[in-house]
Structures are given as C-alpha cells and as structure tokens.
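A short worksheet on the structure shown next.
The numbers here are math on the coordinates, done by the rules we state, and not lab data. Everything numeric here is computed off the predicted structure, so don't read it as measured data. Every residue, glycine among them, receives a Cβ derived from its backbone with ideal geometry; neighbour counts consider all protein chains shown.
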Amino acid sequence: MQKKCVRKFPWTAHDCHLRLHRLKVFKVKARKLLTAKQLARGPVPTPMVGIALKDQLTMWALLIIGVLLMTGLFSRLSAVAAAGLLMSFYLAMPPWPGFVEFQAAAGPEHSYIVNKNLIEIFALLAIAALPTGQWFGLDAIISRLCGCCKEKPLTTTENTPAAASTTKAKSDTYAIDPTSEKKQPTG
C-alpha cells in the first residue's frame, strides 16, 4: 500500500525530488567541464543570488540589530529596524484566516491574527517611543560623557522689569462697577 502525499503546498513531494535530481545532474555535468587545474582548487563556489543572498542578508540583519539592541547602542533606530524586520516576517507567513498552507508550516502555534511576531513588533515600537536609551546601555553612557542630555536649570524671570509688571498685574484684584463695563482695580 502506497502512502498518499498530503498536499500542504502548491507543489508535491515528487516535484521536489525531481527538481533536486535535476540539480544534481546539472552539477555533475558542470563539474565534468572543469580542467584538472580547476578541480585542484576545490569546489566551485556558488554565487550569492536568489534565496542564498536573502538568507545571508537576513542573518546579518538579525545579528547586527540584535547586537545593537543588547548593547543599547542606537536604541531607537535599532528598535524601529527590528520592528520592520519582524513585520516582514509577519507578512511572509500571516496567521490570517484562509492561509492554511502557511499555518501548517508555522508549527503548533495557535494564533489568530495576533502571533508572537506582532506582539514583539508592538514591544519594539514601545522601546522606540520611550527614552530607554537615556536610561541604560551605551546610548546612556555616551550621552553622559558628551553632556548632550544635561538638565538645564530653570531660570527665574522675577528679577526682570517685564516679569515684575506681569507679577503685579496678576496680584491685583478687580471689582466690577455695576454702572460701567470696565474693570476697576480695588485698593
């Protein structure tokens, strides 16, 4: 009795095996074209195109953004970049109704519209909105060393002539004369 292949994706298992077989045959035929000197140099490097390039870019983005967030360097910028990266992950495999193929590949996660990526996006946007870089991390150390975040002392304006006249005007009380529309100061 043969096993039936459960179709989770638009392609079948047979199509995948056929594509892999064709790729192996292509590599064997291409290797026969190499000279002995070329074969002695080692395996032929594969060019960084297509999915391999995207994989490398994703890994480097995860590494760089993760290091920036953990060290607290460029906190707001790295939090926004991480939120954008997670949004691309969320949109690549959304937990929306009707995407059964993607939900089957996502694993045992039971989520409906809101999954862990979306929750992390909101947390990262909160980090970007708050001044967390001024509290902890390398951003705080750098801002304290360069003195760009020192609190400015409040200046009192009571000694200036303009401030004295506004203070006197505020302290005066006014009474309304019933016969006139103008306010008259009381003693």
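In terms of the mean number of neighbouring beta-carbon atoms within 10 Å, the peptides 128-138, 49-59 order highest first as 128-138, 49-59. Taking 0.36 nm per residue of separation and subtracting the Cα-Cα distance, full extension of the segment from K37 to L145 would add 33.0 nm. Given their separation in residues at 0.36 nm each and the Cα-Cα distance between them, L125 and L73 gain 17.1 nm when the chain is fully extended. With the simple spin-label model, which puts each label point 7 Å out from Cα in the Cβ direction, the D15 to M59 separation comes to 2.8 nm.
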